[in-house]
Amino acid sequence: MAMQADYVIVGGGSAGCVMAARLSEDPSVRVILVEAGGEGRNPLLRFPAGLAEALGNKVADWDFATVPQAGLDGRVLRWPRGKVLGGSSGINAMCYARGDLSDYDEWGNGWSGAEALHLFKASECHSEGVSQWHGEDGPLHVTRPAWCHPATERYLHAGQQAGYRLVEDFAAPDHDGIGRFDTTTHKGLRCSSARAYLTGDVRARPNLAVLKKRLTEGLLFDGKRAVAILANGEEITATREVILCAGAIGTPQLLMLSGVGPEAHLREMGISVVQDAPGVGGNLQDHLDINTMIQTRGGSAIGYAPGFLGQALAAPLAWARGRTGLLASNLAEGNGFARSRDGLEKPDLQFHFLPALGENHGANRNWGRTGVSLHVCYLYPKSRGALRLASTDPRVKPVIDPNYLAAGEDLEALIAGAKKAANILSQPAFDDIRLGWHKPDPLPDTDAEWEATIRARAESIYHPVGTAAMGDVTDWEGCVAGVDGLRVVDASLMPTIVGGNTNAPVIMMAERIAGRMRASA
C-alpha cells in the first residue's frame, strides 16, 4: 500500500486496534495503522501469569515515570504503558471491569450508560454466553476463570466474614461486594485488543496496512488541517483524518509536539503554534492505590520461595491439560467494590487481591517469603495533574505530574479504604496461614499513621486518563477543536475517570466512535 490512506491511525493500542478493524470493514476505505512497538510474541506477554515480568520489559513497555510527588513524600512513581501491538492491553493485568454505568450518564452530551452497556455487550465474547449483561458475538474474549488460587478462595471467605456480599457478576449494576475478576483471556492466553480485533482475516484485508516499529514523530498540517504524520522520517498522508490513539501520555505529547496545545508552553519550547489548546495535557487523572500485605506460611501463596516450587512445577501440566492453573492466572484474581463512607450513591473504592506479595507491583521480589496482597484505590479522585513536554525530541519522555493527593478528599477516601483492606486480611479465613503483617508493619492505629503510610507507599494502579478531554480539547466525538481532519480516540478523551479498570471502557469508546464514523460516512 502506498503511504497514503483515508484514515491514518497513530497507536495500535486498545483503541487503535478497534478503530483499524472497524473502519477497514468498509472495503472502499483505506486505513493505515502505525504502531511504535512490535508484534508482542514474547511468551511473557502471552501467558497471563507473565504479568509480573511484562511490566518494566524494556521492549514492550514505554517505562514512563512521574516527577517527584509532593503528596507522596517526594517519591517518583513508575507508569508502565504498552509499547507493543495491543498497547497497554498487551501488558496489563487483564482485569475486565467496566466502571459504573452511571459514570457514562454523567459525561452526558450523547454518552450514556445504556448505550455503553449495549457496546460492552457488542464487543464481548463472554465465556458464559449471552445474558442481560454480557454478549457472545464480539471479538474481545472475556473469561470467567474456572480456577483460582486457594489463597484467593480465602480472600472470598474473608470478605464475607468482614460483612461484604459475594458478587458473581461485576457487570451487573449492583456490584458492591467481593468476588473474582472476569479476565480478557481466551483458552489460557491473554486476549489483548490486537489479538481480539486484528485477527488473521482482518490483517489480510487489502485496504488495511499495519506498520510496526514506526515511531510517530509529529503531525503535519496544511493551515489548520491535519494532512499527514511523520513516522521514522517518512510522511504518511491521510486524505480524511489522522486519528490519534496513542494513549493518555502519547496523544497529548504528539499534539503539543505538532503545535496543538497551551500556547505559552509551545512558545517556551520553540514550537510554532497551530492551535492554542490550553487543555491539552491537563485534566490528568489516575487511580492511586495503597497495598496491604500479610506474610503467610510456605506453600500457601505465590512467591520466590522454596515452598512455591511444587506449585510452579505443576503449572505447565495444568495449562497443557486444561488451559488452567497458575500459568492461566492473571494473578490479580480477586475484585471488590465498597464505599468509603455511608450515603454515597455508588461504590468509590475498588479492591484488587493477589495471592502473592505484590509489593511495588512486583518490582520488589521478596526472596524467600510468600504472602498475599490486597490493593485498594479511590475510584473518583478530585486531584488533577498535567503533562508537559520535556523536549521537542519525540523520543524524550514527557514531564508527567499527576499531582496525587492534592485534594484532601482523595486522602480521606484512601485512608478509609486501607482500613477496610486491613480488616479483610485480619479475618479468620487467613488465621491458619498468616505469619504477620508484611506492610504496613506494624499496622497503623490512627488516621495520622495511615496518612503517613499512604504518603510513603501508595502507587499508581496505571489508569491515566483525561489529557485531551471531550468537551475541552475535543468535541464529544473526539474531533480536535479548532483544527480539521484530526481526531482523538483513547483514554485521554475521558472528561472524568470511570469507577473501575479503564481498558474495557476505552475499547467501548472506540467501538462507539468508529460506529458513528461509519454511519455518517
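Of the helices (runs of 4 or more DSSP H) that lie entirely inside the range 1-109, those containing 2 or more residues that are modelled with pLDDT of 95 or more, under 20 Å from Arg190 (Cα atoms) and of a type in the set (Gly, Ala, Ser) span 14-23.
One line per residue, one yes/no per condition, for (1) touching a Ser or Thr at 6+ places or on another chain (Cβ under 6 Å); (2) crowded, with 18+ Cβ neighbours inside 10 Å; (3) in a helix (DSSP H, G or I); (4) touching a residue at least 40 places away in the same chain (Cβ under 8 Å):
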{"site": "Asp393", "(1), (2), (3), (4)": "no, no, no, no"}
{"site": "Lys397", "(1), (2), (3), (4)": "no, no, no, yes"}
{"site": "Ala413", "(1), (2), (3), (4)": "yes, yes, yes, yes"}
{"site": "Ile424", "(1), (2), (3), (4)": "no, yes, yes, yes"}
{"site": "Ala429", "(1), (2), (3), (4)": "no, yes, yes, yes"}
{"site": "Trp437", "(1), (2), (3), (4)": "no, no, no, yes"}
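Residues in the range 110-130 that are outside any loop (DSSP other than H, G, I, E, B), open to solvent by 10 Å² or more (accessible area, probe 1.4 Å) and touching a helix residue (DSSP H, G or I) at 6+ places or on another chain (Cβ under 9 Å): Ala114, Glu115, Leu117, Leu119, Ala122, Cys125.
Here Ala226, Ala264 are screened, and the one residue that is free of Cβ contacts under 8 Å to residues at least 12 places away in the same chain and either assigned to a strand (DSSP E or B) or over 26 Å from Pro139 (Cα atoms) (or both) is Ala264.
Checked against the criterion of being under 13 Å from Gly334 (Cα atoms), hydroxyl-bearing (Ser, Thr, Tyr) and either at pLDDT 95 or above or part of a helix (DSSP H, G or I) (or both), the range 186-206 has no qualifying residue.
Number of residues in the range 439-458 that are within 26 Å of the chain's Cα centre (by Cα) and either among the polar types (S, T, N, Q) or crowded, with 22+ Cβ neighbours inside 10 Å (or both) equals 3.
Residues are listed down the side, and each one gets a yes or a no for (1) farther than 27 Å from Gly299 by Cβ; (2) at pLDDT 95 or above; (3) basic (Lys, Arg); (4) open to solvent by 40 Å² or more (accessible area, probe 1.4 Å):
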residue: Gln132; (1), (2), (3), (4): yes, yes, no, yes
residue: Gly135; (1), (2), (3), (4): yes, yes, no, no
residue: His141; (1), (2), (3), (4): yes, yes, no, yes
residue: Trp147; (1), (2), (3), (4): no, no, no, yes
residue: Ala151; (1), (2), (3), (4): no, yes, no, no
residue: Arg154; (1), (2), (3), (4): no, yes, yes, yes
residue: Gln160; (1), (2), (3), (4): no, yes, no, yes
residue: Gly163; (1), (2), (3), (4): yes, yes, no, yes
residue: Glu168; (1), (2), (3), (4): yes, yes, no, yes
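Each residue in the range 142-178 was checked for being among the small types (Gly, Ala, Ser) and assigned to a helix (DSSP H, G or I), and 3 of them qualify.
Summed over the range 126-152, the residues that are in contact with a Gly (Cβ under 7 Å, 6 or more places away or on another chain) and without any contact (Cβ under 8 Å) to a residue 40 or more places away in the chain give a count of 1. Between Leu255, Leu208, Leu230, the distinction of being closer than 18 Å to Thr467 by Cβ and of a type outside the set (Phe, Trp, Tyr) belongs to Leu255 only. Here Ala312 meets the list (1) open to solvent by less than 10 Å² (accessible area, probe 1.4 Å); (2) without any contact (Cβ under 8 Å) to a residue 24 or more places away in the chain; (3) among the small types (Gly, Ala, Ser) almost entirely, failing just condition (1).
Only a single criterion out of (1) free of Cβ contacts under 8 Å to residues at least 24 places away in the same chain; (2) more than 27 Å from Lys121 (Cα to Cα) is not satisfied by Glu451, namely (1).
The values are calculated or read from the model by the stated rules, or taken from the named source; none is laboratory data. Small disclaimer: the values here were computed from a predicted structure and weren't measured. When we count neighbours, we look across all protein chains shown, and the Cβ atoms used for this are built from the backbone with ideal geometry, even at glycine. Only protein heavy atoms, including side chains, enter the accessible area calculation; ligands, DNA and RNA are left aside. Shrake-Rupley method; radii C 1.70, N 1.55, O 1.52, S 1.80 Å.
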